[in-house]
Amino acid sequence: MEISQRIKEYRLEKRYTQKELADLLNVKSSTVSGWELGRNIPSIEMIKKLADIFNVPFDDMAGVTDSSRNSNDELTRNQKLVAYSIDPDISDEERNDIIEMVKIAMKNRRRV
């Protein structure tokens with residue numbers, strides 16, 4: 001599921017309007033709308049705040065999933081977008097390094 005869908009799903013579960021959620025996050029309602037429509041991606045900090053507001057784990061909010069559910073142990077599109085959202089001005093090589101770090105962290109988490 002895309003992060004846009006998760007934001008909308010969790011918002012509706014909490015019975016928040018887009019404006020109410022925006023007020024909780026100190027952003028404009030158009031920002032929340034953009035996230036839900038998939039036009040924009042929230043920053044890592046916003047994903048953390050969303051997870052807190054919705055009372056869900058950060059990994060669930062960010063779309064970090066067990067790789068056994070992902071074919072060929074590849075990161076999902078959302079995971080790549082999360083890596084990219086750390087700094088949109090990073091080079092492809094730097095972004096790939098971040099993706100590799102996420103893969104390593106996921107493998108280490110499964111060992112625990």
### Query
If only Cα atoms are counted, what is the Rg of the range 3-61, and what is its Dmax, in Å?
9.9, 25
### Task
Lys and Arg at +1, Asp and Glu at -1: add these up for the other residues within a Cβ distance under 9 Å of ALA51 and post the number.
-1
### Task
Give me the net charge of GLU20's neighbourhood, meaning all other residues with Cβ under 10 Å from the Cβ of GLU20; Lys, Arg count +1, Asp, Glu -1.
+3
### Query
What net charge is computed for the residues neighbouring SER29, neighbours being all others with C-beta under 14 Å from the C-beta of SER29, Lys and Arg scored +1, Asp and Glu -1?
+2
### Query
Using θ = phi - 60° and the Karplus form 6.51 cos²θ - 1.76 cosθ + 1.60, what ³J(HN,Hα) does each residue of the range 20-33 get, whole Hz, x for Gly and Pro?
4, 5, 4, 4, 5, 9, 6, 10, 7, 5, 5, 5, 4, 4
### Query
So, in nm, how far is label MET101 from label ASP23 when the simple model puts each one 7 Å beyond its Cα toward the Cβ?
3.8 nm
### Task
For each pair in LYS14/LYS107; LYS28/LYS107; LYS48/LYS103; LYS8/LYS103; LYS49/LYS103; LYS49/LYS107, compute the distance between the two Cα atoms and list the pairs where it is over 29 Å.
LYS14/LYS107; LYS28/LYS107
### Task
Would you please give the residues with an amide H less than 5 Å from that of ASN40, counting only those at least 5 places away or on a separate chain, with H modeled from the backbone geometry?
TRP35
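No lab work stands behind these numbers, since they all come straight from the coordinates. Quick caveat, the model's predicted, so the values are computed rather than measured. Neighbour counts are summed over all protein chains in view; Cβ atoms, including those assigned to glycine, are modelled from backbone coordinates with ideal geometry.
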